[in-house]
Amino acid sequence: MTARNPRNRTRTLTATAVAALLALTAACSSKAKDGGDDDKQSAGGVKTGQGISGKTIDLGVLTDMTGVYATLGKSVTQAQQLYVKQVNADGGICGYQLKLTVRDHGYDPQKAVAGYTELAPKVLGFTQFIGSPFVAAVKQRIDGQDKGLVLPQAWSAHLLGSPYVRVIGSTYDIETINAIDFLMKEKGLQKGDKLGHVYFEGDYGENALQGSKYMADKAGLTVVEQKIKPTDNDMTAQVAALKKAGVKGIVISAGPRQAASLVGVAAAAKLNVPVIGNNSAFAPQLLATQAGPALEKNYWVASPSLPIGADTAEAKKLVADYRKAYPKDSLDNGVVAGWTAASVFGEALKKACESKDLTREGVDKALLTLSSFDNGFGVDQDFSDPKAPSSHQSVILQPDKSAVGGMKVVRQPGEAEQAASYTPSAS
Amino acid sequence: MSDAVATQAEPAESRTAPAGSAKTLLTRRRTYVITACALLLLALPFYLDRFWLQAGLFAMAAAIGAIGLNLLTGATGQLSMGHAFFLAVGAYGYCVFAGERGQEINGLGLPPWLAAVLAVLVAGVAGGLFSPIAGRLKGAYLGIATLALIFIGQHVLFNAENLTGGANGRDVPAMSLFGLTFDESEITVANVPFGSAEKLWYLGLVLTLGCGLFARGVLRGRPGRAMNAIRDHRIAAGVLGVPVARYRGAVFVLSSMYAGLAGVLLALVFQRTVPDYFGITLSLEYLAMIVIGGLGSVAGAVVGAAFVSLLPQLLTRYSDALPLVSAPGTGGVAPGEASRYLYGAAVVAVVLFLPGGLVQLAARRARKHPQEDA
């Protein structure tokens, strides 16, 4: 018995300790529910909730500044920081100062999900979330419990349908329909012709392919598919295959490098057909490469809004301010995308302020009332239907070394008739 | 997470200690440290934010996978670059078995616990199919052969859309065990709301403990000695009567099953599986875990897993507060970059100064105080 006694004592001790801990837990854990509601009423009669403390509205940014979308992430984030700085300098929104908390996930799913988990309880919403697979990963939580507004920097139709995840501008499928419409109306692509489509494996490329297939069906074209991986940089094999198939036009839904290679190789191989890309398939840096002249001659880009070098007062002001704030960085369409997303969020906040409800629910509702929003980049955004993208329009741009941001407009914002009848299938 | 190692040590200790030494057990500081750590781990969900619990869960899943890899690479000397593939088999296997049949995605709709068991078995079978190769090749050659698995795996994950959901992945059905569902529905324990992370935390602890103990048993018994013999001298092991090829094949299967279980746990934490995750980088991370933690031991795998999976998350979280960091856009080092540099530096430092891994630290301490660990 003497040998067993100490063991018993250990057990008693352990049991006591556990009981004590549990008691403590209930008493002093900050996680314990205090029964009260989170919603507060501030002095001005504005209802506030999660994400607002004192006189600050916290907004989250989940970006990629060290991974595959580093250039895009940097431009978007800097543009949003610029927006916040200007809004705060003008006295903020509703008397509240905005504050961005930036988390760089480097396109790593684990870090992206961790970043969302960290920021979600603290912020009112997200002005940026790069990487549609990661948005999809936390979508259950956004829709189920968090219900904060999330503006992803991705244009895949997969993301449509949620009242909280709102895509700004036309999705890739609609953009592709508009791009092919441009090739048919202005570049001599005709019914019965073959159309090459080089696309990335993954939701960006595959969503674009849905668009080109739909358009081919409506307009009597045949699509010649060439699926590539983001790591494929040399498009020689694709050009050879497309030339053999006898295509009369090419759509590319890939990255800037692939577009440059495709256009350059096609010119060298005497495949003189027009090439058009989605908005992610161009970067101004390309114009300085050997492919530059070929790009200026035979490459177009479909974009959800006017380029950064647009001839509007707002665009010019943004260019001037951005240059002043970040003199070393290049101006690209990421700046426009980031600025637009931030101003959509800002506009929703202003509307929510008018109806005296700055809770997450209030902001979600306020965004639904934004049915015609234009911040100077040529396209009216309509956020009243969560199932549809905020616009069906695309602008066709052409690379031009002399233009600001390396792009000039060749066709004003417009919507192909086929795009109007097209309903994106969110799967 | 070294606490987890300590927790594992507890039952083994009490089993091996003769009845008369119960008193010495009580006088040892180690017993108290272990008890305290165990209590701490059990109490954490009552206090920590979801972020921390989630980070801990990632570390636990990584620990299970790393234990498996350490059996293969650390104890038997067989290099595998295909660990991420088996993680993917486990994660997607679970989704397929437990998922409901949808419009575009197939699923069998089995009970989640059965799906988890089947997913681990399928990972084992996948390892078994590879064992004719795994049994014959040694060391670095096996590494090259397993590299192929990653590429095949990635291709299948992206293209078998009715099983994997393609690039956007598929939702992971919540685990459900003895009537308790590990989803977001809140249950209140001692006035603290328990969501999925809190509930999964305990599941993760149990799984990690079980896996650790099992691996410890394997390593300390005859199979472990045979594995070490194969690692140190294959021919001598064969002369001693160890069936080398069979052992190599069997360890490969066991290690794939560990990876499969880690995959299931990861999927449950992520709530959605995405193919990008299961790439070559993940395999390399697992190799880094066991090298950093210490080759050939359970404790090494767990410590390494905690180090490798927690450090980047912590550095990202506190990236704003890191030294020498400037705000994005002002030139200089951005927070995200800084955290990567620091992570790299930490890895290099460990490998340079602690070639036996982080567990070497504990071993050094034990040598200094022999009375404690005698």
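Derivation of every value follows stated rules applied to the coordinates shown; laboratory data play no part. Fair warning: this is a prediction, and the values are worked out from it, not measured in the lab. Positions of Cβ are generated from backbone atoms using ideal geometry, with glycine treated the same way; all protein chains shown enter the neighbour counts.
Quick notes on this one:
- Set of the stretch A:53-67 residues, backbone N closer than 20 Å to the point 7 Å along the Cα-Cβ line of B:Ala345: A:66
- Per-peptide packing, taken as the mean over residues of other Cβ atoms within 10 Å, places A:169-181, B:32-44, A:338-350 in the sequence A:169-181, A:338-350, B:32-44 from highest down.
- Gain in span if fully extended, B:Arg29 to B:Phe214, counting 0.36 nm per residue against the direct Cα distance: 64.1 nm
- 3J(HN,Hα) from dihedral phi, the stretch A:175-189, Karplus parametrisation 6.51/-1.76/1.60, rounded to Hz, x for glycine, proline: 4, 5, 4, 5, 5, 5, 4, 5, 4, 6, 7, 10, 10, x, 6
- Here the simple spin-label model places points 7 Å from the Cα toward Cβ, and for B:Leu311 and A:Lys187 these points are separated by 4.9 nm.
- Between A:Lys316 and A:Ala237, the simple spin-label model (points 7 angstrom out along Cα→Cβ) gives 5.0 nm.
- Sum of side-chain charges, B:Ser131 neighbourhood, beta-carbon under 11 Å (Lys, Arg +1; Asp, Glu -1): +3
- Cut-off 16 Å, label 7 Å out along Cα→Cβ of B:Arg136, residues of the stretch B:223-253 by amide N: B:244-250
- Dipole magnitude of the protein assembly as shown about its Cα centre (Cβ charges: Lys, Arg +1; Asp, Glu -1), debye to nearest 20: 3100 debye
- Long pairs among A:Lys185/A:Lys227; A:Lys74/A:Lys111; A:Lys317/A:Lys350; A:Lys85/A:Lys297; A:Lys139/A:Lys350, criterion Cα-Cα beyond 29 Å: A:Lys85/A:Lys297
- Cα-based shape type of chain B, given that a ≥ b ≥ c are square roots of the gyration tensor eigenvalues and the cut on a/c is 1.5: rounded
- Under Karplus coefficients 6.51, -1.76 and 1.60, residue-wise ³J(HN,Hα) of the stretch A:352-364 in Hz, glycine/proline x: 4, 5, 4, 8, 6, 9, 9, 7, 4, 4, x, 5, 4
- Summary of the geometry: the stretch B:27-95 and the stretch B:126-195, compared by the centres of their Cα atoms, lie 15 Å apart.
- Every Cα-Cα pair of the stretch B:204-291 was included, and the share exceeding 21 Å stands at 45 percent.
- B:Leu240 paired with B:Ala190, simple spin-label distance in nm, labels 7 Å along Cα-to-beta-carbon: 4.8 nm
- Residue by residue along A:138-145, Cβ atoms of other protein chains within 10 Å of the local Cβ number 3 on average.
- FRET efficiency for the pair A:Gln290 and A:Glu225, taken as 1/(1 + (r/R0)^6) with r the Cβ-Cβ distance and R0 = 30 Å, rounds to 0.60.
- Each peptide among A:214-220, A:279-285 gets the average number of other Cβ atoms lying within 10 Å of its residues, and from highest to lowest they stand as A:279-285, A:214-220.
- Projecting the Cα atoms of B:Leu265, A:Thr312, B:Tyr318 onto the charge dipole of the protein assembly as shown, computed from C-beta unit charges around the Cα centre, puts B:Leu265 farthest toward the positive end.
- Summarised as an ellipsoid, chain A has semi-axes of 46, 27, 20 Å, derived from the eigenvalues of the Cα gyration tensor scaled by 5 and square-rooted, with the largest first.
- Shielding of B:166-173 by partner chains, average beta-carbon count, 10 Å: 6
- Rounded if a/c under 1.5, otherwise prolate or oblate - the stretch B:26-133, Cα gyration tensor axes: oblate
- Once the Cβ-Cβ distance of B:Arg225 and B:Ala363 is raised to the sixth power relative to R0 = 25 Å, the FRET efficiency obtained is 0.80.
- Rg followed by Dmax, in Å, when the stretch A:130-180 is reduced to its Cα trace: 11.6, 40
- Gap separating the Cα centres of the stretch B:252-282 and the stretch A:364-380, nearest whole Å: 42 Å
- Taking the empirical scaling 2.2 N^0.38 Å for compact globular proteins as reference, the stretch A:296-408 has a Cα radius of gyration ratio of 1.20.
- Remark: mean inter-chain Cβ contacts per residue of B:42-55 equal 5, using a 10 Å Cβ-Cβ cutoff to other protein chain atoms.
- Per principal axis, descending, Cα span of the stretch A:308-374 in whole Å: 40, 21, 16
- For the stretch B:107-132, the residues whose amide N sits under 13 Å from a probe point set 7 Å from the Cα of B:Ile152 along the beta carbon direction are B:125-132.
- Computed about its Cα centre, the charge dipole of chain B is approximately 1740 debye, with only Lys, Arg, Asp and Glu carrying charge at their Cβ.
- Calculated mean residue ellipticity at 222 nm for chain B: -22500 deg cm²/dmol, from DSSP H runs with n ≥ 4 weighted as -39500 (n - 2.57), summed, divided by the residue count and rounded to 500.
- Considering only A:Ala341, A:Cys94, B:Thr146, the residue lying farthest towards the positive end of the dipole of the protein assembly as shown is B:Thr146, judged by Cα position with unit charges set on Cβ.
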